[in-house]
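What follows is a short report on a single structure.
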């Protein structure tokens, strides 16, 4: 491997689950991603950070198949692929949330989370059409799984609420719930704490940690709040103008001069 | 008074037929956010193929109808593959324009194969007057509205009581999120357009039997527009209720207002009803209220 990867000795962290290799992505003349490579190991919390427009969301979109890299490839669970369609990525165990909440607005919290079970359904359309035994049993099991998730995320009292009526922080939580319902191996979170107050952020951080520790889900997240990123992450990659400018553990990132210049400096100024 | 009740009931029964066409619109709109302008012509297309196969090739109706059902499923596939798929995440108005294109292409194809002559289509639904108490009705209307009602009921069960309903709503709400949970948009659209095609066959058979297979079928199918305006584009129950209201309104207007202001009022009076309702409920009777945060 050409890149300077720091090998970690953490016993919880296993083999490489996702490897992004020399990925390039362009929109018209604009280079969104420029020769980006990194690896996400099974069981870790991996963060992608960088200033606005650095290409972070584009990176997630490449991983789950919304965008197709112009060159380079993505190796997931040992399989190299350059183009994948989003529903295929989902069926391979990649779930995600979106920067601007993408919930099914007119549906209840429970129904939203139930859609996350879509790929777990085995019954056929015909069985469903007539609500035959297997379809009925499945629906029941899915419901049970979703109730667990609702409990886990502490949103019991909103179960029947229409999501568009809920406050922003709760919607973010429901979106996390929908992703969890798919029982993913790799969870992509695009700014899970954007627009939240301190308390909501703390809750969300706790959920993310629990998902990672208890359920063993590998997490790849984008976040602007540096405090959160430093606390949560095992590994961090830093993008700027579509290129990678740093990679390492939170401690390494903190003292990386490129990062401090490109990102932290700007960020501190903004937050003052 | 008996006469008035007859007029109203005749209208109600006719209205259910508008509901069946409206149902095709609603299904497609719910699943893809596309207003399928071509839905009315799908009715004529199906009717012309059934009648054509039957009369030109001597294929019995019980074979011609399943054949055309397969054809409609094929048409749905072609539309999904070559019209809808390239339009994913484009502005809805562009897809709407594309469905206007589909309208004329289907019309052209049907006329290319079968010419523009009028045909009959008779599947043996009983005709003649029937008395229910004192009230005189056409048995054809009674039977055809029962068929229409059953179709509506089946679709309601399919979309409300099965997982498919949730999938449809998910796709309609947010394409990207639907894909992210593993829903194949392309398959869902194909299924939905196929169902809309099958619904068009039912309408084709019923109207083919009453007005004959001729281009005017499209005009009748367009009566679904005020039904949609009134019922709301996203509501299946809305389409039924609105169909009944529009049907009764049209019938009453035709009989009682027609002689006063001249004929043809039945053609535009339904829009008046719909638009008066819309003054108070722009989203239609049962349409989802759109809450935008500002």
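Key figures for this structure:
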| quantity | calculated |
| --- | --- |
| Candidate set: region A:14-54, residues that are assigned to a loop (DSSP other than H, G, I, E, B) and surrounded by fewer than 16 Cβ atoms within 10 Å (Cβ to Cβ); chosen: the one modelled with the highest pLDDT | A:15 |
| Options B:137, B:157; residue that is within 14 Å of another protein chain (Cβ to nearest Cβ) and in contact with a helix residue (DSSP H, G or I) (Cβ under 9 Å, 6 or more places away or on another chain) | B:157 |
| Residue match in region A:45-60 (condition: within 24 Å of residue A:233 (Cβ to Cβ), under 13 Å from the mean Cα position of the chain (by Cα), facing another protein chain (nearest Cβ under 10 Å) and touching a residue at least 60 places away in the same chain (Cβ under 8 Å)) | no |
| Matching residues in region A:211-236 - criterion: being in contact with a helix residue (DSSP H, G or I) (Cβ under 6 Å, 6 or more places away or on another chain), assigned to a strand (DSSP E or B) and within 19 Å of residue A:196 (Cβ to Cβ) | A:219, A:222 |
| Scope region B:166-191; condition within 16 Å of residue B:78 (Cβ to Cβ) and within 12 Å of chain A (Cβ to nearest Cβ); matching residues | B:186, B:187, B:190, B:191 |
| Residues satisfying the stated conditions in region A:96-114, i.e. outside any loop (DSSP other than H, G, I, E, B) and at the interface with chain B (Cβ under 7 Å from one of its Cβ atoms) | A:96, A:111, A:114 |
| Of all residues in region A:131-179 being more than 12 Å from chain B (Cβ to nearest Cβ) and in a loop (DSSP other than H, G, I, E, B), the one that is surrounded by the most Cβ atoms within 10 Å (Cβ to Cβ) | A:153 |
| Tally, over region A:180-202, of residues that are within 14 Å of chain B (Cβ to nearest Cβ) and part of a helix (DSSP H, G or I) | 2 |
| Selection within region B:133-149 - out of contact with any strand residue (DSSP E or B) (no Cβ under 6 Å at 6 or more places or on another chain) and surrounded by 12 or more Cβ atoms within 10 Å (Cβ to Cβ) | B:135, B:138, B:140, B:141, B:142, B:143, B:144, B:145, B:146, B:147, B:148, B:149 |
| Flag if residue B:116 is assigned to a helix (DSSP H, G or I) and either more than 12 Å from chain A (Cβ to nearest Cβ) or in contact with a helix residue (DSSP H, G or I) (Cβ under 9 Å, 6 or more places away or on another chain) (or both) | no |
| Output for region A:72-94, where each listed residue is part of a loop (DSSP other than H, G, I, E, B) and crowded, with 16+ Cβ neighbours inside 10 Å | A:84, A:85, A:92, A:93 |
| Set A:185, A:252, A:191: member being out of contact with any helix residue (DSSP H, G or I) (no Cβ under 7 Å at 6 or more places or on another chain), surrounded by fewer than 17 Cβ atoms within 10 Å (Cβ to Cβ) and either assigned by TED's automatic domain parsing to the domain that holds residue A:30 or at pLDDT 90 or above (or both) | A:252 |
| Filter result for residue A:159 (modelled with pLDDT under 95 and under 22 Å from residue A:14 (Cβ atoms)) | no |
| Lone unmet requirement of (1) part of a helix (DSSP H, G or I); (2) touching a helix residue (DSSP H, G or I) at 6+ places or on another chain (Cβ under 9 Å); (3) without any contact (Cβ under 8 Å) to a residue 12 or more places away in the chain for residue B:263 | (1) |
| Subset of region B:261-279 that is modelled with pLDDT under 85 and over 24 Å from the mean Cα position of the chain (by Cα) - its residue that is farthest from residue B:221 (Cα to Cα) | B:261 |
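Residue-wise test of (1) over 14 Å from the mean Cα position of the chain (by Cα); (2) modelled with pLDDT of 90 or more; (3) within 24 Å of residue A:43 (Cα to Cα); (4) assigned by TED's automatic domain parsing to the domain that holds residue A:58.
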residue: A:135; (1), (2), (3), (4): yes, no, no, no
residue: A:141; (1), (2), (3), (4): yes, no, no, no
residue: A:144; (1), (2), (3), (4): yes, yes, no, no
residue: A:149; (1), (2), (3), (4): yes, yes, yes, no
residue: A:178; (1), (2), (3), (4): no, yes, yes, no
residue: A:199; (1), (2), (3), (4): yes, yes, no, yes
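The values are calculated or read from the model by the stated rules, or taken from the named source; none is laboratory data. Just so you know, these numbers come straight off a predicted model, no measurement behind them. FYI the Cβ positions are ideal-geometry reconstructions off the backbone, even for glycines, and counts take in every protein chain you see.
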